[in-house]
Protein chains: 2
Amino acid sequence: MTLPHRVSSVACAWLLLASAGVQAQVQTAYPDAAASDPVRMGWMVGSPPPADRVLRFDDGSYFRFPALRWSVAHFRQLMPTVSVSRGLGAPVALPRALRRDIDALQFLPLRSDQPMSWEQSLAANYTDGIVVLHRGRVVYERYFGALQPQGQHAAMSVTKSFVGTLAAMLVAEGRLDPARRVADYVPELAASAFGSATVRQVMDMTTGIRFSEDYADPKAEVWAHAAAGNPLPKPADYNGPRSYYEFLQTVQPLGTHGAAFGYRTANTDALGWVLARVSGQSVAELLSDRIWSRLGTEQDAYMTVDATGTPFAGGGLNLGLRDMARFGEMLRNGGVFQGRRILPAAAVADIRRGGNPADFAQAGYRQLPGWSYRNMWWVTHNAHGAFAARGVHGQTLYIDPQAEMVIARFASHPVAGNAANDATSLPAYHALALHLMRSGKAP
Amino acid sequence: MTLPHRVSSVACAWLLLASAGVQAQVQTAYPDAAASDPVRMGWMVGSPPPADRVLRFDDGSYFRFPALRWSVAHFRQLMPTVSVSRGLGAPVALPRALRRDIDALQFLPLRSDQPMSWEQSLAANYTDGIVVLHRGRVVYERYFGALQPQGQHAAMSVTKSFVGTLAAMLVAEGRLDPARRVADYVPELAASAFGSATVRQVMDMTTGIRFSEDYADPKAEVWAHAAAGNPLPKPADYNGPRSYYEFLQTVQPLGTHGAAFGYRTANTDALGWVLARVSGQSVAELLSDRIWSRLGTEQDAYMTVDATGTPFAGGGLNLGLRDMARFGEMLRNGGVFQGRRILPAAAVADIRRGGNPADFAQAGYRQLPGWSYRNMWWVTHNAHGAFAARGVHGQTLYIDPQAEMVIARFASHPVAGNAANDATSLPAYHALALHLMRSGKAP
């Protein structure tokens, strides 16, 4: 694999950061949420913006902290994208029953004996927006920085859970056989490491593939993946793969399929290719057709694309916060949203059931004990049966069936890996779940 | 002015083609509408698309006929864009009263003694979509090729009329003084040809500026304009202006301000800069805030942007067909849409009143006798008081107040200049107006 051109590498830093597997250390040198507020910073504001407030994709300026706090809410202004259409019908409003008691809720962050309030956690996590549904009603909703209710925010690797959900749907419908090999659906992948993996192994990221997401290593495959998917013109001296699909064909085996969970973004792109072949639609079209146009969403979503128009299945989705909450509410209700069945019950049950915690344990996520990964979802296996979609910098969709609670959160934490924000988010979510169970009134 | 790098020039062919002033000859060597159908051609379809069906912005492939028939409905997949948000409310449906008698309507194309039917004209014009409103109700609606009701199509220079409408609005509100000089609002333009022009002269394109849109001439200013606005990274040897605003500061005088109408796209970009300074919002934000979020639109619109995030005021708008019709219906009703005032009556009256036909005549549009140009609108001064927004390749919003008719049309004619399609569109519109006046029943 040729090391991609430097400019491409820098430009595509966000692609590699899309890996929630990054086990970053929390750093304390960053300005806090108020000091790094993207509106206060004035990114891309003015006619023209001041030179030091212009952000670009090609020079990587857009994804340096604190600039990334603006960029995560404005990806479409930086690169080509494809719409995930909601259709033309009227949105179906989420009922609202806002509560004032949530901000003061106290919880203990992981590894801490200092209680923190829910409201304090939002700043600690660099939250851009958060919506909490309880029994389908909006009980809490806040926006910060560059995000508005009528804006779209990068979901980063939360994208993977949407793609995994589409796959689980096609499996439940009998259109996709998880026991078949990937090469049966995509012959072009036969000679790659994916060719001999089953669709199920790709869906659960238990493939044995050589795909390092260690971006300190210039030879890590994630750099080649990012350069291949960069939608900008390739440098003249670039000789690598020129699209996600071309990259996937170069992925080499490492280890054994089915032996362990290993979080590797390339799996989702391979799954996206399988879905495209099975459905005859791109992931963006399939998502629009089967889910997005049926949920009463308020806004079109969109996905970033590579130079051949392929949506970035591993991390390219951008969407409205309330719409992400709608998607979660549908899953909480077993695939039904406001009386309409969107997904087969079996697909949702398979997501919620989760995977094998023993497989998961081998990946070494110390803050996620007993969890598993199934259909591109993170499953807690806690007493509430909670499961989550997770993306770098703090993106999450957290569903707690026992508490009848859905939390959708967008954030722009300076550290990519969610290990940096789990300490002040996961215990807050669980504390809120318990609080709602204690105090919530049945509708 | 340095001649821009070749790649940038090719990539930006569409920007120069955005000039409806191109007086192209009709050529007959092109495949017809059926043979060039973009769905039939299979552009960007497949996983991946075949190599000869991949379209790119940077190599100019996307805007060669017949590929442009796909591209005009998919600009966002080729370059960065900014949303023109509709907000989050429910769309306000246009009442429907579809008529079956329109397809058979006969008319005489210009310079022809062979009658043509309305339906035949749609193929002759490479129509991608057309909606006709009569007394506010949809009486006709058709889609072809790559356009769907839930898609957005390039408006090309129809964009200018939206920008001119925003300017007329701010004038009517007393926030923008058309008698003041451009340099009073944008001091950076003081040394350019725009500096000494009045805002009114810019709004009506009667400025005396050196801005050739003759793209056969590699030294034509339109090339530098296109290269400056190209959102992709500039070539290493590029020394020209790097944004629309930087380009505008280089525009030199030619002739006398106020002496004649001359269709030059740079005027609209200069007007966009004035609007940004007066409102504190980009043209996209201003359009969303003041119009798009108040019309009950079905879809967000979007605009292409340059490398500093400035929307392309001269031709960058993309929108839904029905939404364009809504905008026209609001103007037909003097600034009111379904009972809600959107624009000051004075602004709409000033658009409809038109400009000076003597100024217009000097520009030599033989097929548009007696017309004028005012507030970036084309005014027919015919017996019906019809006025229109026009963009290359056949984009139009045609409003006939006397016939209580609005026609919104997107097209992808192989020839850029509207002279190539006016012969089979303008007489068809007028024939339909007369037909609706004869046969229409009052609601």
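For residue B:237, the conditions (1) of a type in the set (D, E, K, R); (2) within 13 Å of chain A (Cβ to nearest Cβ); (3) more than 22 Å from residue A:50 (Cα to Cα); (4) without any contact (Cβ under 8 Å) to a residue 40 or more places away in the chain all hold with the exception of (4). Helices (runs of 4 or more DSSP H) fully within the range B:155-220 that include at least 3 residues being among the β-branched types (Val, Ile, Thr): B:158-172. Within the range B:101-112, not a single residue is out of contact with any Gly (no Cβ under 8 Å at 6 or more places or on another chain), under 21 Å from residue B:311 (Cα atoms) and touching a residue at least 40 places away in the same chain (Cβ under 8 Å). Scan the range A:90-109 and give yes if some residue there is at pLDDT below 95, in contact with a Leu (Cβ under 6 Å, 6 or more places away or on another chain) and at the interface with chain B (Cβ under 10 Å from one of its Cβ atoms), otherwise no. No, because not a single residue in the range A:90-109 is at pLDDT below 95, in contact with a Leu (Cβ under 6 Å, 6 or more places away or on another chain) and at the interface with chain B (Cβ under 10 Å from one of its Cβ atoms).
Within the range A:62-89, take every residue that is buried (at least 19 other Cβ atoms within 10 Å of the Cβ) and among the charged types (D, E, K, R) and give me the one that is farthest from the other protein chains (Cβ to nearest Cβ). Per the criteria, the residue is A:69.
Every condition in (1) in contact with a Leu (Cβ under 7 Å, 6 or more places away or on another chain); (2) more than 14 Å from chain B (Cβ to nearest Cβ); (3) open to solvent by 60 Å² or more (accessible area, probe 1.4 Å) is met by residue A:150 except one, and the failing one is (2). Restricting attention to the range B:45-61, report how many residues are in contact (Cβ under 8 Å) with a residue 24 or more places away in the chain and either at the interface with another protein chain (Cβ under 7 Å from one of its Cβ atoms) or open to solvent by less than 30 Å² (accessible area, probe 1.4 Å) (or both). Result for the range B:45-61: 3. Against the conditions (1) in contact (Cβ under 8 Å) with a residue 40 or more places away in the chain; (2) in contact with a Lys or Arg (Cβ under 6 Å, 6 or more places away or on another chain); (3) part of a loop (DSSP other than H, G, I, E, B), residue B:255 satisfies every one except (2).
Residues of the range B:248-272 that are within 18 Å of the chain's Cα centre (by Cα) and open to solvent by less than 30 Å² (accessible area, probe 1.4 Å): B:261, B:262, B:263, B:265, B:266, B:267, B:268, B:269, B:270, B:271, B:272.
Inclusion of residue B:116 among residues that are at the interface with another protein chain (Cβ under 10 Å from one of its Cβ atoms), surrounded by 17 or more Cβ atoms within 10 Å (Cβ to Cβ) and over 18 Å from residue B:41 (Cα atoms) is not warranted. Among the helices (runs of 4 or more DSSP H) confined to the range A:259-340, the ones with at least 3 residues that are basic (Lys, Arg) are located at A:321-332. Taking the stated definitions as given, is residue A:245 more than 22 Å from residue A:392 (Cα to Cα), within 14 Å of chain B (Cβ to nearest Cβ) and surrounded by 21 or more Cβ atoms within 10 Å (Cβ to Cβ)? Yes, satisfied. All of B:186, B:158, B:131 fail the test of being in contact with a Lys or Arg (Cβ under 9 Å, 6 or more places away or on another chain), hydrophobic (A, V, I, L, M, F, W, C), more than 14 Å from chain A (Cβ to nearest Cβ) and in contact (Cβ under 8 Å) with a residue 24 or more places away in the chain, apart from B:158.
The set of residues from the range A:72-100 being free of Cβ contacts under 8 Å to residues at least 60 places away in the same chain and touching a strand residue (DSSP E or B) at 6+ places or on another chain (Cβ under 8 Å) comprises A:77, A:95, A:96, A:97, A:98, A:99.
Number of residues in the range A:335-360 that are surrounded by 16 or more Cβ atoms within 10 Å (Cβ to Cβ), in contact with a strand residue (DSSP E or B) (Cβ under 9 Å, 6 or more places away or on another chain) and among the small types (Gly, Ala, Ser): the value is 3. Within the range A:416-443, track down each residue that is part of a loop (DSSP other than H, G, I, E, B) and at pLDDT 95 or above. Within the range A:416-443, A:423, A:424, A:425 meet the criteria.
The number of residues in the range A:267-312 being more than 23 Å from residue A:91 (Cβ to Cβ) and more than 11 Å from chain B (Cβ to nearest Cβ) comes to 6.
The values are calculated or read from the model by the stated rules, or taken from the named source; none is laboratory data. From a predicted model like this one, the values you see are computed outputs, not experimental measurements. Glycine also receives a Cβ, built like all others from the backbone with ideal geometry; neighbour counts cover every protein chain displayed. Just the protein is used for accessible areas: all its heavy atoms, side chains included, with ligands, DNA and RNA removed. Shrake-Rupley method; radii C 1.70, N 1.55, O 1.52, S 1.80 Å.
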